[in-house]
Every structure is written in structure tokens, then in C-alpha cells.
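The values are calculated or read from the model by the stated rules, or taken from the named source; none is laboratory data. The model shown is predicted, which means the values in this text are computed figures rather than measured ones. Cβ sites come from the backbone with ideal geometry, for glycine too, and all protein chains shown count toward neighbours.
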Amino acid sequence: MTPKVQAISETPTVAQRALWVFATGVVLLIAQALAAGAQSRPDTFADLAEAVSPSVVNITTSTTVATNTGPMPQVPEGSPFEDFFRDFLDRNQNGGPRPRRSQALGSGFVISEDGYIVTNNHVIAEADEILIEFFSGEELEAEVVGTDPNTDLALLKVQSDEPLSFVPWGESDEMRVGDWVMAMGNPLGQGFSVSAGIVSARGRALSGTYDDYIQTDAAINRGNSGGPLFNLAGEVIGVNTAILSPTGGSIGIGFAMSSRVATNVIDQLQRFGETRRGWLGVRIQDVTDDLAEGLGLREARGALVTDVPDGPSKDAGIEAGDVIVEFNDQLIEDTRQLVNEVANAAVGAEVPVMVVRDGDELTLSVVLGRREEAEGAIPASAPSDEPIEKEVLGVTVSTITDELRSELNIPESTDGLVVTNVAEDSEAFEKGLRSGDVITEAGQQRVATVADLEERIAAATDAGRRSLLLLVRRGGDPRFVALSLDQG
């Protein structure tokens with residue numbers, strides 16, 4: 001029996017036509033998405049470079065450096081050269097050492113039509129003269145408005161008869177790793193030069209308290225310092241500041257201070273001629289996993305307060321042992337974030353600060369001071385007691401005697417238990433405790449005697465804690481250490 005073959009109609013049905021229209025629409029949407037993605041990678045940076053070039057400047061600084069002539073030669077009396085050297089020395093002494101001029105090169109960019117220019121502090125530090133060269137070839141002398149060595153930023157001002165081309169700030173926080181960027185400046189004194197690359201990393205810290213660097217592989221060399229790092233919209237999202245290189249030349253690891261930090265600093269320099277950073281008035285350390293367990297926290301997050309000197313936080317009721325988890329409605333992950341959030345807050349502002357104390361969340365209102373006026377704040381102090389010595393948790397502790405205070409240079413304002421010995425095979429030694437350290441708190445309560453410490457150990461054990469939190473001072477600097485209670 002011959003099988004039947006059913007032919008497929010060449011005329012599409014209504015359902016087939018609808019399916020074809022739907023599939024075509026999906027393909028078009030995918031194609032458009034791919035095209036949009038392709039457009040995010042520029043075919044050329046020429047239009048961007050042409051647009052921003054009039055706002056980027058080369059900076060030449062001159063500094064007078066005194067010449068050190070060193071010790072004068074001594075000529076034996078009666079030598080045939082005595083008269084010659086005497087005349088030479090007389091001329092040299094009368095004229096004095098001749099100063100010489102030292103020059104340095106850098107980059108910068110104009111941020112306003114009335115002539116404000118941003119650069120690095122190290123480009124213009126100690127300069128006697130600052131000469132600004134524009135892309136057009138015009139040259140103008142600049143004056144320093146203000147500097148901030150902490151972020152290596154400086155603000156200059158030039159006087160011009162005509163409004164100057166300038167570039168706007170962009171949002172560095174919106175930049176993602178992998179986004180395209182363009183750097184422009186005066187590398188190695190070669191004049192206006194452009195390099196392009198991507199954002200390699202964000203939130204880099206080098207050595208400063210307020211560091212928030214964008215890392216990029218766009219070529220940055222000596223002379224690029226102070227120049228702008230642009231996004232594709234021609235906005236400045238970073239100030240080129242440093243490179244990491246074993247040779248002194250670019251190896252694709254450059255750093256630009258983020259516009260998030262730079263805009264705040266430059267605004268203060270423009271308004272006041274100096275920085276005015278917020279000051280919370282606490283000493284802090286990061287919350288590690290063992291500290292979190294000792295504090296009874298659910299997660300290792302926030303900034304642990306180790307000391308509260310006289311100032312805004314003490315007035316607001318913040319105490320040593322509190323963990324700051326929010327500042328001005330911003331969640332705090334670690335000490336670095338808290339330092340930056342406080343620094344960017346306005347002096348005199350009243351801000352809410354949420355702390356965790358004894359497992360409970362507490363929101364306090366703090367009126368911020370000014371950090372620049374509070375660098376010499378004096379730490380809080382505590383009382384003392386008579387001497388007793390004992391070994392606990394791998395350390396030998398003693399109440400502070402006058403002899404120990406004198407021998408170990410313990411300040412009169414510091415009280416507690418002094419560590420006289422630490423077993424080298426103990427957890428305490430591994431976590432950095434050493435002879436001469438002073439334990440001022442245990443379990444977030446002050447200790448003045450060995451009996452106080454033993455009571456804190458017993459209370460933590462009864463509460464089911466696996467570790468005890470100690471507040472330890474060394475040379476006046478406090479830090480928390482969590483020691484296990486199941487050491488035997």
C-alpha cells in the first residue's frame with residue numbers, strides 16, 4: 001500500500017503569518033539592542049578630543065632653589081696657591097651662593113569661564129611662578145587659590161579678557177568597570193596629548209585618608225598629573241594623579257582621583273581658600289568576624305568606636321564600643337566609608353548617626369565639627385587601682401603601678417590592666433597583643449582590676465559568648481581585640 005504524502009500548502013495560514021510577524025519583531029529588537037551596545041564603543045575619539053581640547057591646559061612651574069656650595073677648600077698657609085684661592089673665596093663669599101631656577105611640568109583643566117583651573121597639588125607645590133599654556137598657544141600667569149595635600153588637589157585662577165572654554169564635572173559613581181575613558185594632558189613635556197582606555201577598577205586607595213581613585217589603563221605618564229579623565233560625554237570624572245610603575249613610565253596602571261571627592265574639595269577651595277571637612281570626633285576600627293561575634297552582631301559591618309574624645313560624638317552620647325552602622329542615612333560598611341562620608345558632610349551640620357550598642361540599634365543626632373581644627377583632640381581617660389598580677393586568656397596582666405607607668409611610658413590619663421607578658425603560642429600573641437599594652441575595657445565595660453576582668457570573662461561565658469572583646473591601648477592608640485573563651 002502506497003503511503004499517503006500530505007503536501008504543505010504554499011499559501012501561509014493566518015497563524016503562520018502572525019508567527020512570522022512576531023519572529024521578525026523579536027529579531028529587530030535584538031538587532032537594535034546589539035546596535036545600541038555597539039554604539040557604546042566609539043569608532044573614534046576625535047570628536048571628543050576636539051571638543052574638550054580648548055579647556056585642557058599645560059602647566060609650567062618655576063621655583064627658586066638655593067645652591068648649596070658645601071664646605072670651602074682649605075689651603076695650607078705658605079702654599080703658592082694661597083693668593084689665588086684667597087681671591088677666589090673672597091669673590092664667592094661676596095657674591096654669595098647663586099640661586100638657580102627649577103622647572104616642573106604638569107597638566108590641568110578649566111572648570112569655569114572666569115578662569116578657575118584644577119590641577120594636582122604636587123604640580124604647583126612651592127612654585128614661585130605658574131604659567132598656563134592653552135591649546136591655542138596663549139599663555140597666562142596663574143595664582144594659587146587653595147590647595148589640599150590630603151587629596152593632592154589644587155585650584156588656580158587666571159585673568160582673561162575673554163570668557164574661557166571649560167569642561168563640566170561628571171558623576172564618577174556612575175562609571176562602571178569596563179567603561180571607556182579618555183585622558184588628556186602634557187605627558188613627559190610633549191605637549192597636548194590624548195590617550196584612551198577603560199576603567200580598570202574603582203574605589204582604589206593608595207596612601208591617603210580620603211582616597212577614592214579610579215584605576216585606568218589609559219596611558220598616564222609624568223606630566224599628565226592634574227589633567228582630566230573624561231567619560232564619553234566630555235565630562236571630567238577624575239583628576240589624573242599617579243601611576244604604578246617599576247620603570248617610571250606607563251604600564252597601564254594609572255590612578256585618577258574621583259570627581260566625587262574632587263568636586264567637594266574644589267568647591268571648598270573656591271569658596272574658602274581651604275578645606276573644611278566634617279569631624280565626628282571618634283577613633284574607629286573595622287569590624288572583623290571575631291569582633292562581630294564578640295559584639296553579638298549579625299554581620300561584620302560598620303565602624304567600631306574605640307575612643308571618644310571631647311567633641312561632637314561625646315556631646316551626642318556616642319560611646320566606645322558602639323558600632324556605627326549608618327551615618328546621615330547612608331549604610332556604613334567599614335571605617336574607610338565612614339571617614340569619607342563624614343569628610344564630605346558640612347561643618348556644623350546636624351546628622352543622624354545609627355549605632356549598635358549591646359545588641360540594640362540607637363539613633364543619635366550629632367552636630368559635626370571641623371576636622372582641621374580638631375587634629376590634636378585629647379583621648380578620653382579612666383580611673384586606676386592597686387597592683388595585682390595574674391595570667392588570663394594567654395596574657396599576664398597587672399594593674400598599673402607607678403613603676404610600670406614610668407617604665408612603660410603609660411600616660412597618666414590611661415588606666416586599666418597592663419600586659420606584662422604574652423605567651424608566644426597563644427591566640428593573644430597571634431592577634432598582636434604585646435607586653436606594655438594596656439587593656440582598658442573587657443566586654444565593653446571598663447576594667448581596673450584583675451577581678452574586673454575575671455568577672456567579664458564569667459559573664460560572657462554565662463551568656464554563651466565564644467569570645468571576649470577587649471579594648472587595648474598601645475602608645476595611646478586604641479583598638480579592639482576579640483579573644484576566644486574556650487582556651488582552657
| request: Find the residue count for the stretch 329-340, including only residues that are within 11 Å of the chain's Cα centre (by Cα) and either of a type in the set (D, E, K, R) or in the same structural domain as residue 264 (by TED's automatic domain parsing) (or both). | output: 1
| request: Could you check, for the stretch 170-178, whether at least one of its residues is under 23 Å from residue 116 (Cβ atoms) and without any contact (Cβ under 8 Å) to a residue 60 or more places away in the chain? | output: no
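Collect the residues in the stretch 344-359 that are over 15 Å from residue 316 (Cα atoms) and at pLDDT 90 or above, keeping them in residue-number order. I'd like the intermediate steps shown before the answer.
Taking the stretch 344-359 as the starting set, the residues that turn out to be over 15 Å from residue 316 (Cα atoms) are 344-347, 358-359.
345, 346, 347 - these are the residues of the stretch 344-359 that are over 15 Å from residue 316 (Cα atoms) and at pLDDT 90 or above.
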| note | (1) modelled with pLDDT of 95 or more; (2) over 25 Å from the mean Cα position of the chain (by Cα); (3) part of a loop (DSSP other than H, G, I, E, B) all hold for residue 142 apart from (3)
| query | Any residue in the stretch 90-111 that is under 26 Å from the mean Cα position of the chain (by Cα), modelled with pLDDT under 95, surrounded by fewer than 20 Cβ atoms within 10 Å (Cβ to Cβ) and assigned to a helix (DSSP H, G or I)? | reply | no
| remark: The residue that is modelled with the lowest pLDDT, considering only those in the stretch 427-455 that are surrounded by fewer than 16 Cβ atoms within 10 Å (Cβ to Cβ), more than 20 Å from residue 307 (Cα to Cα) and not charged (D, E, K, R), is 451
| task | Quickly run through the stretch 236-252 and pick out the residues that are under 20 Å from residue 212 (Cα atoms) and surrounded by fewer than 18 Cβ atoms within 10 Å (Cβ to Cβ). | result | 244, 245, 252
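Looking at 298, 260, which one is among the basic types (Lys, Arg), assigned to a helix (DSSP H, G or I) and either within 19 Å of residue 443 (Cβ to Cβ) or outside the structural domain of residue 347 (by TED's automatic domain parsing) (or both)? Reasoning before the result, please.
On the way: 298 fails: assigned to a helix (DSSP H, G or I).
Answer to the selection: 260.
Can you name the residue in the stretch 266-280 that is in contact with a helix residue (DSSP H, G or I) (Cβ under 9 Å, 6 or more places away or on another chain) and not in a strand (DSSP E or B) and, of all such residues, is surrounded by the fewest Cβ atoms within 10 Å (Cβ to Cβ)? Before you say what the answer is, go through the steps one by one.
Start the filter on the stretch 266-280 by keeping residues that are in contact with a helix residue (DSSP H, G or I) (Cβ under 9 Å, 6 or more places away or on another chain), which leaves 274-280.
Subsequent filtering for residues that are not in a strand (DSSP E or B) retains 274-277, 280.
Working: 274: 12, 275: 23, 276: 17, 277: 25, 280: 28.
Among them, the one singled out is 274.
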| Can you name the residue in the stretch 167-200 that is modelled with pLDDT of 90 or more and within 14 Å of residue 243 (Cβ to Cβ) and is also surrounded by the most Cβ atoms within 10 Å (Cβ to Cβ) among such residues? | 185
| task | Return the residue satisfying two criteria in turn: it lies in the stretch 191-220 and is of a type in the set (Phe, Trp, Tyr) and more than 22 Å from residue 55 (Cα to Cα), and of such residues it is farthest from the chain's Cα centre (by Cα). | result | 213
| request: Would you check which residues across the stretch 309-323 are in contact with a Gly (Cβ under 7 Å, 6 or more places away or on another chain) and within 19 Å of residue 472 (Cα to Cα) and list them? | output: 309, 323
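For every residue, the table says whether it meets (1) under 22 Å from residue 189 (Cα atoms); (2) free of Cβ contacts under 8 Å to residues at least 24 places away in the same chain; (3) surrounded by fewer than 24 Cβ atoms within 10 Å (Cβ to Cβ).
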{"site": "254", "(1), (2), (3)": "yes, no, no"}
{"site": "282", "(1), (2), (3)": "no, no, no"}
{"site": "285", "(1), (2), (3)": "no, no, yes"}
{"site": "313", "(1), (2), (3)": "no, no, no"}
